[in-house]
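These notes are about the structure you will find just below.
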Amino acid sequence: MSKKLYIYILCLLSTLVVSCSGGGDDIGPTPSPTPTPTPVPTSEGVFILNEGNLNAGNSSLSYYIPANKSVKNGIFSSTNSRKLGDTAQSMVLYKGTLWIAVENSGIIWAIDAETYKVKGQIVAKDHIMDDPRYIHFLSDTKAYVTDLFAPLITIINPSTYQIIGTIPTGQAAMFGFASTEQMVQYGKYVFTNCWSYSNKILVIDTTEDKVVKEIELSTWQPKSMVLDANGKIWVITDGGYSFGEDRFSDNVPHLYKINASNFEIESDQILDTDEANVQLALNGNKTTLYILNNDIFRMSINESQVPVFPFITAPVDSNGKRHLLYGLSVNPKNDEIYVADAIDYSQSGVCYRYTSDGELLDKFRVGINPNMFVFQ
Amino acid sequence: MKKLLLLLLGAVVLLSCKEDKEEEMGLPPVIHLEENRYYVEVGASQLISPTYENTDNSTLYVWTRDGKQVGHEPTYTFKVSTAGTYYLKVTASNRFGSASADIKMEVMEAERDPEEGAYIPESTTDFSWEFPTTEINLAEGRTYKVKAYFIRNDNEATYTWTMNGTTVSPAATRAEKPVEYVLSGLSRGDYELALTMQNETKSHTQVFQVHVCPPEGTYKRGTSASSQAMVNKIYEYMPAPGHQVNGYRIVGDFGPDGMTMKQACDSVYAHFQRQWMVSLGAQGGYLIAGFDHSVENSGGDYDLCIKGNPYSYQNEPGIIWVSQDENGDGLPNDTWFELAGSEYNTDNEILEYAVTYYKPIEEKRPIYWVDNQGNHGVVPHMDYWNPHPSYWQDWVEGKQKTYFGSYLKNYVTYSGGVSDEPAFEWGYADQSGTDYFNGKIGNSGYYKISNAKTWDGKDASLQYIDFVKVQTAQAAYTNNLGDVSTEVYYISDFHLEK
């Protein structure tokens with residue numbers, strides 16, 4: 001594709017987004033361009049977050065340099081002489097600082113993305129932010145933090161490392177969970193998926209720090225969410241779980257497309273029965289959707305159905321057992337695909353790096369249960 | 001002007017040529033699928049009906065299933081007899097090209113009706129009745145109700161009670177008087193109580209050995225430095241059928257098939273030592289444990305600890321019973337007193353409840369039950385919980401087994417794949433009541449002997465107890481959590497816990 005045509009399509013897509021956003025009829029004013037600041041790249045490495053095992057305190061941080069295919073594991077603990085914590089859930093890079101939410105430790109670390117040294121931390125206080133899951137930056141002085149159990153979204157001031165407020169989500173706990181999970185922003189609205197034992201997407205008005213709308217899905221446990229170039233939010237549910245005797249719902253994921261401008265569900269399609277995690281990712285220009293659902297699937301955001309056959313197939317061990325793929329990200333600069341393989345949830349995980357065409361470029365060992373990639 | 005006309009003429013010719021070319025070129029078919037993944041059951045038909053563009057009577061359709069041609073129509077009805085994953089491909093072709101689409105079919109085993117295949121005993125005209133026990137031990141000064149359960153086919157019989165051969169309750173039909181007798185005001189000694197049923201053609205008599213024992217306290221056993229907080233013996237382990245008995249392997253290996261009652265009791269004791277779970281199965285299932293000393297009634301404070309595994313959404317209440325060794329023989333063959341919980345004397349509880357389970361005659365089939373309230377149901381066989389061929393206890397002889405006790409109504413719900421099994425306020429094992437908390441021995445239920453009731457609802461005012469019985473209180477199951485079955489991990493004397 002020529003650069004000129006590429007830019008044209010981008011402009012066209014931008015027009016469509018504005019057009020769509022203006023089409024809403026019951027959700028207030030047209031969103032202004034997203035205020036989310038763009039992270040400043042500092043180098044060309046990839047951070048990999050290794051969740052570890054629950055209650056084992058073995059979360060870790062790895063760093064991979066694609067140029068020379070080198071990987072450094074345990075960079076947080078080796079740099080800072082302390083443990084990262086228990087069940088590191090997510091991270092986000094914001095203006096040279098990597099923010100890491102460590103759920104079961106009730107802490108958010110802020111580390112320098114170049115030196116990996118801790119710059120600050122925010123800890124749970126008075127049962128606020130006990131189980132932080134994801135962080136979404138609104139500005140230098142304001143970010144939202146979701147939580148696995150509490151019916152609250154915590155508002156933090158990243159510049160002072162302080163908790164400055166909360167947003168009640170109004171979600172009744174089911175089995176003790178009132179979770180909120182990932183976040184995407186469209187104009188003044190932040191959308192968050194209530195993953196654990198829920199079927200809701202919440203819409204938060206960031207000017208009021210208030211939940212203004214609930215979108216109810218027809219299936220359980222929305223796990224991952226992305227906002228595409230058309231202004232559509234794609235949500236994948238995991239359908240519950242089945243671990244031996246422990247079951248919740250039917251364990252069949254669905255993929256939803258939601259119009260971010262009017263909050264309406266435009267499509268709902270059934271996917272394959274889930275054996276591990278489900279995740280969504282977009283390419284750099286947000287026009288191609290990648291779906292982790294046992295294997296990796298790929299589709300244009302303008303297509304209506306996830307293909308039946310995978311784009312990248314999960315490895316299979318010598319006993320014929322499919323590896324448990326756990327994380328999926330796409331490098332927005334070159335559309336290279338990164339897949340995290342938890343293997344069996346107990347041993348050191350493996351990461352795979354593919355070209356945008358699905359050709360394997362590299363694979364490397366990291367920590368236990370790698371779940372997320374952040375690109376510098 | 002001439003140039004302009006020539007240009008216009010040229011344009012018309014070009015347009016005309018272009019239209020001809022398009023008509024000649026035409027367009028290949030386009031296929032739209034409403035879904036490209038289907039979940040169907042074995043033997044069920046699923047119509048796949050795509051919509052098409054650019055098709056007409058000359059369009060060729062080809063359907064393949066895993067590479068083999070199976071159809072040539074615009075639609076295809078999928079139906080197979082074996083579970084598994086199948087891939088369909090539909091191809092539509094015309095002279096301008098073709099299009100194809102893939103469809104994934106997940107075929108699952110059909111879910112059977114959970115009650116299908118249960119063994120339901122044939123009705124009979126034979127007379128029958130049942131009793132919780134025929135040997136009665138009670139301390140002097142106490143009362144005791146003897147009651148007949150599940151009286152069947154008595155043909156308007158009369159019932160007469162005699163004590164040592166003397167009529168103490170004259171002949172009466174069931175319509176006139178319940179078939180029960182209250183032992184009261186008996187002095188110490190042995191008695192023979194008899195119940196005789198008489199109708200036009202038959203007569204049956206059941207004899208009860210009654211032992212009126214020395215008063216409470218005679219056989220009380222004090223504590224010593226070596227007394228054990230945890231129960232020191234399991235006397236009976238008689239779970240009702242359930243998915244967490246026979247072959248269930250969640251924590252520890254309970255034991256091999258073909259176990260005896262004694263082996264099962266020893267296994268329960270070993271589980272308690274490790275604080276591992278044992279299940280009491282469905283309604284009525286129970287275990288009886290005893291202490292190496294008498295557990296004091298503190299007079300209103302907690303006296304007993306019973307650990308379970310309740311969660312906010314999963315409460316499986318068990319009714320707690322206590323007894324004293326009234327005859328001093330060291331065995332739990334004495335009068336049982338129910339520890340009243342929050343639902344005692346409310347519509348949520350049925351006293352003098354009995355339920356009979358029938359041994360299935362096929363493997364992996366549900367177990368049918370009837371109760372003395374006129375209800376019936378099944379304990380389903382849930383293969384994903386426990387694939388063992390039978391949930392019937394190996395050490396239960398005969399083809400049926402009746403459990404006697406009390407019953408709690410359930411408020412269990414299951415909707416959209418989600419179960420909720422709510423707790424009552426207090427007073428029951430294995431539920432998150434106000435008396436289940438992080439206390440002296442951690443998360444446990446804590447219970448009071450002062451709540452013990454006599455059969456007629458009066459305070460039993462027991463000074464101490466020697467034995468404890470825990471019994472599953474509810475009859476319910478949900479698709480994802482299985483049957484409601486009280487679980488017990490540990491039973492101990494609260495006062496001896498450090």
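Only the coordinates and a few stated rules stand behind these numbers; no lab work does. This is a predicted model, so every value here is computed, not measured. Please note: Cβ atoms are built from the backbone with ideal geometry, for glycine as well, and neighbour counts cover all protein chains shown.
Of all residues in the range B:42-61, those satisfying the criterion of being within 14 Å of chain A (Cβ to nearest Cβ) and surrounded by 15 or more Cβ atoms within 10 Å (Cβ to Cβ) are B:GLN46, B:ILE48, B:PRO50.
B:SER444 meets each of the listed conditions (1) closer than 30 Å to B:PRO215 by Cβ; (2) crowded, with 21+ Cβ neighbours inside 10 Å; (3) small (Gly, Ala, Ser) apart from (1). For the range A:166-183, the set of residues classified as surrounded by 15 or more Cβ atoms within 10 Å (Cβ to Cβ) and either in a loop (DSSP other than H, G, I, E, B) or more than 14 Å from chain B (Cβ to nearest Cβ) (or both) consists of A:THR166, A:ILE167, A:THR169, A:GLN171, A:ALA173, A:PHE175, A:ALA178, A:SER179, A:THR180, A:GLU181, A:GLN182, A:MET183, listed by residue number.
Filtering the range B:379-406 down to residues that are of a type in the set (Gly, Ala, Ser) and either farther than 21 Å from B:PRO132 by Cβ or surrounded by 21 or more Cβ atoms within 10 Å (Cβ to Cβ) (or both), which residue is nearest to the other protein chains (Cβ to nearest Cβ)? Even if it seems obvious, please write down each step before you answer.
So the first thing to find is which residues in the range B:379-406 are of a type in the set (Gly, Ala, Ser), and the list is B:390, B:398, B:405-406.
Next cut, either farther than 21 Å from B:PRO132 by Cβ or surrounded by 21 or more Cβ atoms within 10 Å (Cβ to Cβ) (or both) only: B:390, B:405.
Values: B:SER390: 18, B:GLY405: 27 Å.
The qualifying residue nearest to the other protein chains (Cβ to nearest Cβ) is B:SER390.
Can you find a residue that is in contact with a strand residue (DSSP E or B) (Cβ under 7 Å, 6 or more places away or on another chain), assigned to a loop (DSSP other than H, G, I, E, B), acidic (Asp, Glu) and crowded, with 19+ Cβ neighbours inside 10 Å anywhere in the range A:197-220? The answer is no, given that none of the residues of the range A:197-220 is in contact with a strand residue (DSSP E or B) (Cβ under 7 Å, 6 or more places away or on another chain), assigned to a loop (DSSP other than H, G, I, E, B), acidic (Asp, Glu) and crowded, with 19+ Cβ neighbours inside 10 Å.
Looking at the range B:407-435, which of the residues that are of a type in the set (Val, Ile, Thr) and in a loop (DSSP other than H, G, I, E, B) is farthest from the other protein chains (Cβ to nearest Cβ)? The qualifying residue farthest from the other protein chains (Cβ to nearest Cβ) is B:THR434. On inspection, B:ASN438 does not qualify as surrounded by fewer than 20 Cβ atoms within 10 Å (Cβ to Cβ), part of a strand (DSSP E or B) and in contact (Cβ under 8 Å) with a residue 60 or more places away in the chain.
Within the range B:336-365, work out how many residues are among the hydroxyl-bearing types (Ser, Thr, Tyr) and either at positive phi or buried (at least 24 other Cβ atoms within 10 Å of the Cβ) (or both). Spell out how you get there, then give the answer.
Taking the range B:336-365 first, the residues among the hydroxyl-bearing types (Ser, Thr, Tyr) are B:342, B:344, B:346, B:353, B:356-358.
In the following step, the residues that additionally are either at positive phi or buried (at least 24 other Cβ atoms within 10 Å of the Cβ) (or both) were identified as B:357.
Selection size over the range B:336-365: 1.
Could you list all residues from the range A:95-132 that are in a strand (DSSP E or B) and surrounded by 23 or more Cβ atoms within 10 Å (Cβ to Cβ)?
From the range A:95-132, those in a strand (DSSP E or B) are A:97-102, A:107-112, A:118-123, A:125, A:128, A:132; that's our starting set.
If the condition is that a residue be in a strand (DSSP E or B) and surrounded by 23 or more Cβ atoms within 10 Å (Cβ to Cβ), then A:LEU98, A:TRP99, A:ILE100, A:ALA101, A:VAL102, A:ILE108, A:TRP109, A:ILE111, A:ILE122, A:PRO132 are the ones that fit.
For first residues located in the range B:188-213 and in contact (Cβ under 8 Å) with a residue 40 or more places away in the chain and among the charged types (D, E, K, R), partners that are loosely packed, with under 15 Cβ neighbours inside 10 Å and not in a strand (DSSP E or B) and lie 6+ apart or on another chain with Cβ distances below 7 Å form the pairs B:ARG188/B:PRO214; B:GLU200/B:ASN155.
Of the residues making up the range B:376-391, just one is under 24 Å from B:PHE150 (Cα atoms) and over 13 Å from the mean Cα position of the chain (by Cα), namely B:HIS376.
Test A:ILE156 against the criterion of being more than 14 Å from every other protein chain (Cβ to nearest Cβ), in contact with an Asp or Glu (Cβ under 8 Å, 6 or more places away or on another chain) and assigned to a strand (DSSP E or B), and give yes or no. Quick ask: steps written out before the conclusion?
Working: more than 14 Å from every other protein chain (Cβ to nearest Cβ): yes; in contact with an Asp or Glu (Cβ under 8 Å, 6 or more places away or on another chain): no; assigned to a strand (DSSP E or B): yes.
No, not satisfied.
From the set of residues in the range B:460-498 that are within 14 Å of another protein chain (Cβ to nearest Cβ) and of a type in the set (Gly, Ala, Ser), which is surrounded by the most Cβ atoms within 10 Å (Cβ to Cβ)? Per the stated criteria, the residue is B:SER485.
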